[in-house]
């Protein structure tokens, strides 16, 4: 994406430099020397990839920013990075953007099916019938949705459909064996335990297992187990859902644990539960701009206001009847009515 940006914005400029910090060249050369050479020869823009492979990267970037005021810098790194930390005082010098995978809406644009605008949750709740009718007239939306759930979240699925699960497995390996130790300085034994934790959690229903027992199975202590759990979340491999009204002492024990997205879940788990896939999708598509917690009734409480139950097309309001602002997100449904909204519609929020 950085290279694409360079080609689009600077098609004939010799003042732009791209470098990946995982390149072997940096084993014997410093980034500061490269920047000095680049600026000396008229460089104005610097695009740095895999920044987390550079020790003390925040301090080094701060020094570059201060010493070369005419240089524009763009950098990317693993989601494991705590880039909001104030080490190196970059907080006042940078704009941070976290890139999620494709929404269902973006996937349909990418596939050339159609281009519809993103909606706010409130607009979707009020106008989902109109949206459903328009999109259902343009395509067999349920079939598109089912394909997206298994192959559609990461753009590199295109052209790699036959090996897509293998590619996701390779990415998991890269995150755990490459990014994780580069950022957290963990031991090889911790990497093996984190991989085993990921597989155990992916293969189980979303309810949290007995965490003390899980730590015993992983042959690790509770503190390291919690650290691994939140590292897997930061890495974009898990989504953690806390309980509504959770006390401060219980915030480290989420009420439910999901794979970060349905593509990843189906690559890691041979026969995942369809109910878990549905909930995984709902959480994944809403978490970007909304706060979700696990309520006493229903599946998700959104922004402390809207109560949602997720299920198949026969799902009823029985479990959340008489609850204010309650909705159903139902699968295998092209067009809903009232507070009964097709599940696929929630892929149009970004």
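The values are calculated or read from the model by the stated rules, or taken from the named source; none is laboratory data. Here the structure is a predicted model, which is why all the values come from computation and not from measurement. With ideal geometry, Cβ positions are generated from the backbone for all residues, glycine too; neighbour counts draw on all protein chains shown.
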Some residue of the range 143-156 being within 30 Å of residue 304 (Cα to Cα), buried (at least 17 other Cβ atoms within 10 Å of the Cβ) and in contact with a strand residue (DSSP E or B) (Cβ under 9 Å, 6 or more places away or on another chain): yes
Considering residues of the range 315-332 that are touching a helix residue (DSSP H, G or I) at 6+ places or on another chain (Cβ under 8 Å) and in contact (Cβ under 8 Å) with a residue 24 or more places away in the chain only, the residue farthest from residue 139 (Cα to Cα): 326
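Residue-wise test of (1) assigned to a loop (DSSP other than H, G, I, E, B); (2) surrounded by 17 or more Cβ atoms within 10 Å (Cβ to Cβ); (3) touching a strand residue (DSSP E or B) at 6+ places or on another chain (Cβ under 7 Å).
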| residue | (1), (2), (3) |
| --- | --- |
| 180 | no, yes, no |
| 192 | no, no, no |
| 199 | no, no, no |
| 202 | no, yes, yes |
| 212 | no, no, no |
| 217 | no, no, no |
| 230 | no, no, no |
| 239 | no, yes, yes |
Any hit, the range 89-106, residues being over 23 Å from the mean Cα position of the chain (by Cα) and either under 27 Å from residue 173 (Cβ atoms) or surrounded by 17 or more Cβ atoms within 10 Å (Cβ to Cβ) (or both): yes
Helices (runs of 4 or more DSSP H) fully within the range 101-172 counting 3 or more residues that are at pLDDT 95 or above and over 27 Å from residue 302 (Cβ atoms): none
Candidates 83, 60, 73 - the one that is in a helix (DSSP H, G or I) and either modelled with pLDDT of 95 or more or surrounded by 15 or more Cβ atoms within 10 Å (Cβ to Cβ) (or both): 60
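Every residue, every condition in (1) in a loop (DSSP other than H, G, I, E, B); (2) surrounded by 10 or more Cβ atoms within 10 Å (Cβ to Cβ); (3) in contact with a helix residue (DSSP H, G or I) (Cβ under 7 Å, 6 or more places away or on another chain), yes or no:
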site	(1), (2), (3)
5	no, yes, no
11	yes, no, no
25	no, yes, no
29	yes, yes, no
38	no, yes, no
43	yes, yes, no
46	no, yes, yes
52	no, yes, yes
Boolean, residue 225 is in a loop (DSSP other than H, G, I, E, B) and surrounded by 17 or more Cβ atoms within 10 Å (Cβ to Cβ): no
